[in-house]
Amino acid sequence: MGHERYIAIRRARFNAIGGPVNLPYGTAVEAADGFLERDGMRLCAVVSETAHKYFARDSDGSGLERGRLTSSIIAAVSRQGKAHETRWAKLWADTTACRYRRGDHVDFWVWSHGFFEAPIEDLRHIAALIGV
């Protein structure tokens, strides 16, 4: 299995599988056998909430932008206010956005792992759709 590059999209300070870590923003890590690793130490599963919170796939060189977009999209749809319902209605109606919704939650939107690894063009589309 090949190695894929990921990058820290914020300071990654947490208790990893192999012990505590404190990685600065922009630190490169590698995915191997379904886990993110740094200097041979397993950090977390690639599909985990921890990985989604602190790291973004960077094999295309767009990891920092990918992380910024996914974080901004999540923050925008989580924000309450006048446009809250409008943002969600736009997501539910958009075929590109729906590709990144987990199908096992019929009445509730949960982002799939694919969202966190989506092509930059798709993330830009979703961000523009909801006004990010």
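Summary table
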| read-out | value |
| --- | --- |
| Residue satisfying all of: in segment 4-62; open to solvent by 40 Å² or more (accessible area, probe 1.4 Å) and aliphatic (A, V, I, L, M); nearest to Trp111 (Cα to Cα) among these | Val47 |
| Failed criterion for Phe14 (all others in (1) over 12 Å from the mean Cα position of the chain (by Cα); (2) within 30 Å of Trp92 (Cβ to Cβ) hold) | (2) |
| Qualifying residue in segment 107-129 (condition: of a type in the set (Asp, Glu), out of contact with any Gly (no Cβ under 6 Å at 6 or more places or on another chain) and more than 21 Å from Tyr6 (Cβ to Cβ)) | yes |
| Count of segment 52-91 residues which are of a type in the set (Lys, Arg) and in contact with a helix residue (DSSP H, G or I) (Cβ under 8 Å, 6 or more places away or on another chain) | 4 |
| Selection count where residues are part of a loop (DSSP other than H, G, I, E, B) and either at pLDDT 90 or above or open to solvent by 60 Å² or more (accessible area, probe 1.4 Å) (or both), scope segment 104-131 | 11 |
| Selection from segment 63-89 of residues that are open to solvent by 10 Å² or more (accessible area, probe 1.4 Å), more than 20 Å from Tyr6 (Cα to Cα) and of a type in the set (A, V, I, L, M, F, W, C) | Ala75, Ala83, Trp88, Ala89 |
| Test: residue in segment 33-50 that is at pLDDT 90 or above, of a type in the set (D, E, K, R) and closer than 26 Å to Leu129 by Cα | yes |
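The values are calculated or read from the model by the stated rules, or taken from the named source; none is laboratory data. It should be emphasised that the depicted structure is a prediction, and the values quoted were computed from it without experimental measurement. Neighbour counts are summed over all protein chains in view; Cβ atoms, including those assigned to glycine, are modelled from backbone coordinates with ideal geometry. In case anyone asks, the SASA skips ligands and DNA or RNA and just uses the protein heavy atoms, side chains included. Shrake-Rupley method; radii C 1.70, N 1.55, O 1.52, S 1.80 Å.
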